[in-house]
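Chemist: Shown below is the structure under consideration.
Every read-out reported here was derived from the displayed coordinates using simple, explicitly stated rules and does not represent laboratory data. Model, not experiment: these values are computed from the prediction. Cβ atoms come from the backbone with ideal geometry, glycine included; neighbour counts cover every protein chain shown.
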Amino acid sequence: MMRLVHEGALDGPTNMARDEAMLIEVGNKSAPPTLRLYQWSPPTISLGYFQNYADYEALPAPAGELPVVRRLTGGGAILHDLELTYSIALPLGHELLRGGANHLYELAHDAVIASLGELQLTATRCGQSDDSGAARGPFFCFERRHCYDVLLGGDKIAGSAQRRTRQAVLQHGSIVLGNRFAQQMTASASESTEPDDPVKKISEIRNAFPEQVSKALGVEFELTGWSEEEQRLASNLREKYSGENWTRRT
C-alpha cells in the first residue's frame, strides 16, 4: 500500500520543501511510501542541484524574469508551467528498489507512456542517452536526452531525476503538456506535437497517472494528506528553498 497525495498549484519553495519533507519522513519510516502529484504557480524555473546560478542569471527575458528555485535532484533546469509534476518517495529496502534505483525510472516512465496513451497520445522511451551529466549539458533539462526519457513525436515530454539518501529515494519528474515560452520550444513539445488544450490534458493525466503507476508498480494507493510532522517540517524547509544561500549555492 502506498499513500497518494493530490495537490494543486504551489510556488517553487513550497513544492520543493514538501518533497524534501516527504523524503525525510518516508526515510524515517514515519510516513508510508508516497506518490505526490502537484503543479506550479507562478511559472517557475527549477535549477538542478549542481547547476550554476549564473547560468540562470544569463537567461534573457521572459524566462530570465521567472522565479527560480533549486532542486534536491541533479540534471538540467526545468521551466515548470503547463505540466503535471509527480514525486515518489520510497524507503531503502523497499521491494520496488530491488531492481536498483534506476529501475524506478523505467517503471514510472512506463506509467507516463500508458497515461498518455489514454489521452490518445502515442509516446515512447528515448532509448539512448547523450553525454549530459549532473553538472554538464544544455541548461534546460528538456534539451538533454536520457534513455529513460519519454518522447512524443520526437520531442521530450517527460523526464525524471532522483535524490538518494541513506534512508530513502526521492524521484520526481515533469510531464510537460504545453508551452507558453519561446525559450522552451526546444525544451518541450513543439507545435506539431503539443496536445490540444493542455490544461484539460493535465487534468486528464492527473486522473490517469495513479492508476497506471499502480499497474506498473504493482501497488494500491490510499488517498490521504500530510501528517502534522510533515507539515511542520515542510514549513521550516520552505525558508531554506526561498533563501539565497540555497538558491545561489555553488
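Chemist: In this structure, does Leu121 turn out to be among the hydrophobic types (A, V, I, L, M, F, W, C) and in contact (Cβ under 8 Å) with a residue 60 or more places away in the chain?
Modeler: On the way: among the hydrophobic types (A, V, I, L, M, F, W, C): yes; in contact (Cβ under 8 Å) with a residue 60 or more places away in the chain: yes.
Judged against the criteria, Leu121 is a match.
Chemist: Count, please, the residues in the stretch 229-250 that happen to be under 19 Å from His6 (Cβ atoms) and out of contact with any helix residue (DSSP H, G or I) (no Cβ under 7 Å at 6 or more places or on another chain). Before the answer, list the steps.
Modeler: Keep residues of the stretch 229-250 that are under 19 Å from His6 (Cβ atoms), which gives 230-231, 234.
Narrowing the set further to residues that are out of contact with any helix residue (DSSP H, G or I) (no Cβ under 7 Å at 6 or more places or on another chain) leaves 231.
Summing the residues that are under 19 Å from His6 (Cβ atoms) and out of contact with any helix residue (DSSP H, G or I) (no Cβ under 7 Å at 6 or more places or on another chain) in the stretch 229-250 gives 1.
Chemist: Ok, one more. I'd like to verify a number: residues in the stretch 41-96 that are hydrophobic (A, V, I, L, M, F, W, C), surrounded by 15 or more Cβ atoms within 10 Å (Cβ to Cβ), in a loop (DSSP other than H, G, I, E, B) and out of contact with any Gly (no Cβ under 7 Å at 6 or more places or on another chain), how many? Quick ask: steps written out before the conclusion?
Modeler: The first filter runs over the stretch 41-96 and keeps only residues hydrophobic (A, V, I, L, M, F, W, C), leaving 45, 47, 50, 54, 58-59, 61, 63, 66, 68-69, 72, 77-79, 82, 84, 88-90, 92, 96.
This time we only want the ones that are surrounded by 15 or more Cβ atoms within 10 Å (Cβ to Cβ), so: 45, 47, 50, 59, 63, 66, 68-69, 72, 77-79, 82, 84, 88-90, 96.
If we keep only those that are in a loop (DSSP other than H, G, I, E, B) as well, we get 50, 59, 66, 72, 82.
In the following step, the residues that additionally are out of contact with any Gly (no Cβ under 7 Å at 6 or more places or on another chain) were identified as 59, 66, 72.
Going through the stretch 41-96 one residue at a time, the tally reaches 3.
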